[in-house]
Amino acid sequence: MAVDGISKLGVVGAGQMGAGIAQVAAQAGYEVVLADVSAAAAAAGLAGIGKRLDRAVAKGRMEEAAAAEVLGRIVGSGELGDFADCDLVVEAVSENLTLKQRIFQQLDGIVKPGGILASNTSSISITKIAAATERPEEFIGMHFMNPVPVMKLVEVISGLQTSAATLATTVAVAESMGKTCVEARDFPGFAVNRILMPMINEAFYALYEGIADAEGIDAAMKLGTNQPMGPLTLADFIGLDTCLAIMEVLHEGLGDGKYRPCPLLRQYVDAGLLGRKSGRGVHDYR
């Protein structure tokens, strides 16, 4: 059920994360604008949502009419100007501070007064991104997990000036989407990636140093610690470029050598072997 005062959401970025956020928002009853760099890119995101909903219908998890209603609540766009009347806008673009600041600087002049601006960043300072706007009190971190329609967690991160009202509304919106919220402090990596990414980085060091091969490392962590997938497979799923970017944020922001990105991880990214999205990372998906 939608939260009072919040009826229309905007999502910037129609990739895997953005499309997933748009889908769960529409399933919760919100009207959604899903925008990307072009109308064609937004349409591709909508097509992906349609396919996921079709699979849910085929498996008996959703009625066909309900799936049509969900898709009908989402409008694709190639223009940030279409967010003018949104009550909350979530940015879900690549993990790049300059890009995020540029987008929010534009959104600040477009989204109506009182509208909440949220970043899906997984590691970058919310306070620093919010400084690009004139509404830091209405700026917040809203970190969804991938894949968004499946994963229950949303990390909610207040910046230095985020208001209590903004925090309360954001938590309520996430919970209305069926998510469980964990509030994290505005430190590099927040809670999830402060713990997860060093583990993935250490798995790369184990591979780099020849402690075991990739299959052995993944099998050891799956069978030895009961994880659903090994850390190298998980890195491929997340995207090795994203893993590297987060490790760089941790290393720079915390200044501790234990967060130094593994040279092998950097080599994979330099080679364009980014994981599932490129067809090959540590493992081959071609």
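Read-outs throughout are calculated quantities, based only on the coordinates presented, and are distinct from any laboratory measurement. On a predicted model such as this, the values are computed, not experimentally measured, just so you know. As a convention, Cβ positions derive from the backbone with ideal geometry for all residues, glycine included, and neighbour counts pool all protein chains shown.
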Per-residue HN-Hα couplings for segment 107-115 [Karplus 6.51, -1.76, 1.60; θ = phi - 60°; Hz; x = Gly/Pro]: 4, 4, x, 10, 5, 4, x, x, x
Rounded to the nearest 20 debye, dipole of the chain from Cβ charges on Lys, Arg, Asp, Glu: 440 debye
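Would you mind computing Rg(Cα) / (2.2 N^0.38 Å) for the chain, counting N as its residues?
That works out to 1.01 for the chain.
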Efficiency of FRET between SER38 and ARG266 - r from beta-carbon atoms, R0 35 angstrom, step 0.05: 0.70
Neighbour net charge for LEU265 - beta-carbon separation under 11 angstrom, K R +1, D E -1: -2
Size descriptor, Kirkwood hydrodynamic radius, that averages inverse alpha-carbon separations across segment 189-232, Å: 10.6 Å
DSSP loop GluC sites (Glu not before Pro) with at most 15 other Cβ within 10 Å excluded, longest remaining stretch of the chain: 210-286
Segment 1-30 versus segment 231-265: alpha-carbon centroid distance in Å: 29 Å
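Per DSSP helix of 4 or more residues, -39500 (n - 2.57); summed, then divided by the residues of the chain. What does that give at 222 nm, rounded to the nearest 500?
-14500 deg cm²/dmol
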Hits among aspartates and glutamates - C-alpha to C-alpha of LYS277 under 14 Å, sequence gap 8 or more where chains match: ASP236, ASP241
Other-chain or far-sequence residues with amide H under 5 Å of GLY76's (modelled H): LEU34
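Considering all alpha-carbon pairs of segment 193-276, what whole percent are spaced by more than 18 angstrom? All intermediate terms of the calculation are to be shown ahead of the outcome.
Details: 1297 of 3486 pairs.
Pairs farther apart than 18 Å: 37 percent.
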Top of ALA44, ALA56, ALA35 by mean-square fluctuation, Gaussian network on the chain, Cα under 10 Å: ALA56
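Which of the trypsin sites (Lys or Arg not before Pro) across segment 49-87 are loop residues per DSSP, with 16 or fewer other Cβ within 10 Å?
Values: sites: LYS51, ARG52, ARG55, LYS59, ARG61, ARG73; in loops: LYS59, ARG61, ARG73.
In loop regions of segment 49-87 (DSSP not H, G, I, E or B), the sparsely surrounded trypsin sites (Lys or Arg not before Pro) are LYS59, ARG61.
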In order through segment 76-86: 3J(HN,Hα) via Karplus (6.51 cos²θ - 1.76 cosθ + 1.60), integer Hz, x for Gly, Pro: x, 8, x, 10, 5, x, 6, 8, 3, 9, 7
J(HN,Hα) series, segment 220-231, from Karplus relation 6.51 cos²θ - 1.76 cosθ + 1.60, nearest Hz, glycine and proline x: 4, 6, 5, 7, x, 10, 6, 7, x, 8, x, x
Order of HIS283, HIS143 under a 10 Å beta carbon neighbour criterion, fewest first: HIS283, HIS143
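Based on alpha-carbon atoms only, what is the radius of gyration of segment 9-159 relative to the globular estimate 2.2 N^0.38 Å? Write down the numbers at each step before the final one.
Working: Rg = 14.9 Å, N = 151, 2.2 N^0.38 = 14.8 Å.
In units of the globular-protein estimate, segment 9-159 measures up at 1.01.
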Selected from GLY60, GLY141, GLY45 as most flexible by GNM, with the chain as the system and alpha-carbon contacts under 10 Å: GLY60
